[in-house]
Amino acid sequence: MTFLDTVLDPPAYGWADQKGELSKPTAAQIWKEFFSRLNIFKTRKNWLPAFSWFKVLLTIPLLAMFIFYYFSWPLLGAAFIYSMIVMGTHGTIWHHRFCTHNAYQFKNRFWKFFTQNLTISMIPEEIYVVSHHVHHAKSDMPGDPYNASGGFLYCFLADVNHQPIAKDLSEKDYYRATRLMKHTGITPNTYAQYQKWGSIANPGRTVLATVLNWGFWYAAFYLIGGHGLACTLFGAAGIWAVGVRTFNYEGHGKGKDMRRDHTDFNRNDMSINQLWPGFVAGEWHNNHHLFPKSARTGFLPHQIDIAYYYIFLMHKLGPIAAYRDSKKDFYNDHVNKKE
């Protein structure tokens, strides 16, 4: 078994059945696993997924304040833009193209910190990054942490049930896992701390970073538009954090082959290009699976890529030192390729 076969904590129902096929748990099994893995009283090693969902819960009262007290059509428009475009694009820029695939490099730590905190912090880098490497290595196969063939709940609750790192890694494998995140700037636990907390991220530093991020953005939104705008945009961030958990189910055809000729050129997995995620977040998923290390995935003329526009602009201005762009390779290998 390879490192990526063992780096994630397998669910109680396993990745595969005795025949080696994807283990498809019932809804009851998925929910049981979900609440078990959120239980910090069972083990402190559940702290990271529990903290991730706790942040979502904290946004609910703010969302309610917007709906029942501050509601206006302009604020509704702001919520839509912030959740769909701003948060979505930032997730592509930071978590996907930089933290996971290192598709571009910053000039210095300041600009890395700046980009990391461009929006309200909702998704822990560790849960996203390590599991996403496994997703690419085992896409649509048993062991893929958000295998669409497992069903909607299998993907929607994957950040708790399938994406956390294993709690019994050897010291060698633990430090291999930390190297997947070295460039992100996240200070990892020592191996002794990992054995205590079951994570790469340190709980103290993670909570402090979130408090500072949330405090800054609430104050900034308040100064711009009062409590109404602050409650609206924090509520919108919570909506995004829930909605983004549905993406990989949709982005891999809901477990069916929905790939289209002349649109989805990658045929090694079930990933598809979708107009909405592409337009609002630059997430052309089939293109991304063809060239995962590319800072641009909107290759065709109609494929708007806001995430790439940010990277390109920051490169022109200086904060981003270099980036990879696979557009020419895409056209040479797939569009203009002669049979």
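Details
- Options 22, 38: the member that is surrounded by 11 or more Cβ atoms within 10 Å (Cβ to Cβ), in contact (Cβ under 8 Å) with a residue 60 or more places away in the chain and in contact with a strand residue (DSSP E or B) (Cβ under 9 Å, 6 or more places away or on another chain): 22
- Members of segment 25-35 that are exposed (fewer than 15 other Cβ atoms within 10 Å of the Cβ) and without any contact (Cβ under 8 Å) to a residue 40 or more places away in the chain: 26, 28, 35
- Close pairs (7 angstrom Cβ cut-off, 6 or more residues apart or separate chains): of a type in the set (Ser, Thr, Tyr) in segment 161-185, outside any helix (DSSP H, G or I) and modelled with pLDDT of 95 or more anywhere: 178/188; 178/200
- Answer from 97, 176 - the residue that is surrounded by 20 or more Cβ atoms within 10 Å (Cβ to Cβ) and modelled with pLDDT of 95 or more: 97
- Taken over segment 1-19, the residue count meeting the criterion of being acidic (Asp, Glu), surrounded by 13 or more Cβ atoms within 10 Å (Cβ to Cβ) and part of a loop (DSSP other than H, G, I, E, B) is 1.
- Residue match in segment 37-45 (condition: over 20 Å from the mean Cα position of the chain (by Cα), of a type outside the set (Lys, Arg) and not in a loop (DSSP other than H, G, I, E, B)): no
- Near pairs, Cβ below 7 angstrom, 6+ apart or cross-chain, from segment 66-85 (touching a residue at least 12 places away in the same chain (Cβ under 8 Å) and under 21 Å from residue 307 (Cβ atoms)) to any residue that is basic (Lys, Arg) and assigned to a helix (DSSP H, G or I): none
- Any hit, segment 106-119, residues being farther than 24 Å from residue 215 by Cα, among the basic types (Lys, Arg) and crowded, with 16+ Cβ neighbours inside 10 Å: no
- Filter result (among the basic types (Lys, Arg) and touching a Gly at 6+ places or on another chain (Cβ under 7 Å)) within segment 23-51: 24, 45
- Selection of segment 82-123 for residues being of a type in the set (Ser, Thr, Tyr), out of contact with any Ser or Thr (no Cβ under 7 Å at 6 or more places or on another chain) and not in a helix (DSSP H, G or I) yields 104, 119.
- Pairs are defined by a Cβ separation below 8 Å, a sequence spacing of at least 6 or placement on different chains, a first member in segment 120-140 that is free of Cβ contacts under 8 Å to residues at least 24 places away in the same chain, and a second member that is of a type in the set (A, V, I, L, M, F, W, C) and surrounded by fewer than 21 Cβ atoms within 10 Å (Cβ to Cβ); no pair meets this definition.
The values are calculated or read from the model by the stated rules, or taken from the named source; none is laboratory data. Since the model is a prediction, treat every value here as computed from it, not as a measurement. Please note: Cβ atoms are built from the backbone with ideal geometry, for glycine as well, and neighbour counts cover all protein chains shown.
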